[in-house]
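A short worksheet on the structure shown next.
A short reminder: the numbers here are calculations on the coordinates, not readings from a lab. Quantities reported herein were computed from a predicted structural model and do not represent experimental measurements. Here Cβ is always computed from backbone atoms with ideal geometry, including for glycine, and neighbour counts include all displayed protein chains.
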């Protein structure tokens with residue numbers, strides 16, 4: 001690793017006026033190489049008023065950097081001990097949204113998975129859920145009792161306040177707790193820790209997600225909700241998911257809204273996650289939902305009413321919405337049976353599913369989330 005050449009290249013990157021840039025993630029095969037790079041970086045004082053161009057990703061011993069197309073390739077400077085991949089853009093999963101008046105009572109999806117029948121035994125008390133998303137509306141009356149501080153990865157000095165709405169909607173389905181005046185979620189006594197990794201457009205980079213997973217691992221979340229996806233595989237994201245899985249965190253991920261039969265988005269495609277598809281009120285697979293052998297479980301995701309910005313409510317459809325039902329259900333399960341591993345949780349979910357309607361008998365090994373059956377399976 002050529003120390004002088006790397007310093008020269010980094011200085012050029014920070015002062016480059018080139019407009020065309022792409023972010024790259026550089027992962028080191030050896031911890032010693034990563035530490036050597038950190039030493040090189042610490043020797044370099046960034047120019048005044050220059051925003052930090054490097055995102056350090058210590059969880060996977062890597063960093064992300066925007067590379068100007070005007071600059072020469074920097075990979076050879078790092079030697080054979082480093083691997084470079086694109087820091088891919090990633091988006092939240094939803095299809096349709098519209099404003100809606102609050103519907104009195106328990107939302108249909110919460111009813112359909114039979115969460116209310118379990119509340120006498122478990123409400124998700126003390127279960128910590130990291131929701132990597134667009135943030136949350138901290139002032140929403142239905143969420144005030146359900147939120148931890150979380151983190152804003154886009155602005156570390158600010159609360160992870162939602163300027164999109166998607167994260168607030170997800171949070172409401174998981175753990176809203178205002179049944180008398182507002183809505184109630186699947187696990188009303190669980191605690192949501194918003195991890196704001198997505199901007200107001202619902203977009204992020206893989207490096208943002210890796211930083212979010214690192215925060216969840218460091219702060220000992222029990223569950224991570226990932227209602228987003230991308231089409232391409234990322235070794236960096238897989239490494240981060242593996243580390244969280246090995247730390248005992250169950251990751252629930254949305255499969256995507258492309259109506260595909262043989263493919264799902266990443267990270268849901270990784271076997272270390274629980275991959276979720278969406279159903280409708282008729283307990284059939286929603287038209288938009290991905291489906292097939294890569295789906296672990298289905299849950300309500302069509303025309304889901306939940307909390308929104310400024311204390312309001314919106315109806316949304318997508319596998320994102322289905323994923324939040326599963327995260328809430330797993331919170332109920334973990335409060336009921338503490339200490340279950342991610343593998344054990346996935347097994348319980350899969351063997352307690354309710355067969356879907358409208359499928360051939362040969363397809364009935366796939367099914368919809370049923371909280372009562374899930375708790376019964378955990379007792380066996």
### Query
What angle do you read, to the nearest 10 degrees and between 0 and 90, between the alpha-carbon axis of helix 342-351 and the longest principal axis of the chain?
40
#### Entry: Length released on extending from residue 260 to residue 32, taking residue separation times 0.36 nm less the Cα-Cα span
77.8 nm
### Task
Give me the number: length gained by fully extending residue 337 to residue 91, i.e. 0.36 nm times residue separation minus the C-alpha to C-alpha distance, one decimal in nm.
85.2 nm
### Query
Of 367, 277, 358, which has the largest mean-square fluctuation in a 10 Å C-alpha GNM of the chain?
358
### Task
Mind giving me the nanometre distance, one decimal, between the label points for residue 21 and residue 84, set 7 Å out from Cα along Cα→Cβ?
1.6
### Query
When the convex hull of the C-alpha atoms of the range 208-294 is computed, what volume per residue in Å³ does it have?
95
### Task
Compute the acute angle (0 to 90°) between the alpha-carbon long axis of helix 31-42 and the principal axis of greatest extent of the alpha-carbon atoms of the chain; round to the nearest 10°.
60
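Compute the normalised compactness of the range 273-319: alpha-carbon radius of gyration over 2.2 N^0.38 Å, N being the residue count.
Ratio of Rg to 2.2 N^0.38 Å for the range 273-319: 1.28.
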### Query
In degrees, nearest 10, range 0 to 90: what is the angle between the Cα axis of helix 235-246 and the longest Cα principal axis of the chain?
50
## Note on the structure
Evaluated at 37 °C and 0.692 mPa s, the Stokes-Einstein D of the chain based on the Kirkwood radius over Cα pairs, in µm²/s, stands at 155
### Task
For the chain, with a Gaussian network of springs between Cα atoms less than 10 Å apart, report the residue from 253, 331, 121 with the top mean-square fluctuation.
121
### Contact order relative to length of the range 91-379, as percent, for alpha carbon pairs under 8 angstrom and 6 or more apart
24
### Summary
Most exposed first, judged by fewest Cβ atoms within 10 angstrom, 200, 314, 169 run 200, 314, 169
#### Entry: Stokes-Einstein D in µm²/s, Kirkwood radius over Cα pairs - the range 90-199 at 10 °C with 1.306 mPa s viscosity
111
### Task
Please identify which residues in the range 288-316 have an amide N closer than 12 Å to a label point set 7 Å out from the Cα of residue 281, following the Cα→Cβ vector.
302-305
### Task
Mind checking the full-extension length gain between residue 40 and residue 376? Use 0.36 nm per residue of separation minus the Cα-Cα distance, one decimal, nm.
115.4 nm
### Query
Taking Rh as the Kirkwood radius computed over C-alpha pairs, what is the Stokes-Einstein D of the range 129-171 at 37 °C in a medium of viscosity 0.692 mPa s, expressed in µm² per second?
316
### Message
Give the average over all directions of the projected area of the C-alpha convex hull of the range 250-380, one decimal, in nm².
### Response
8.3
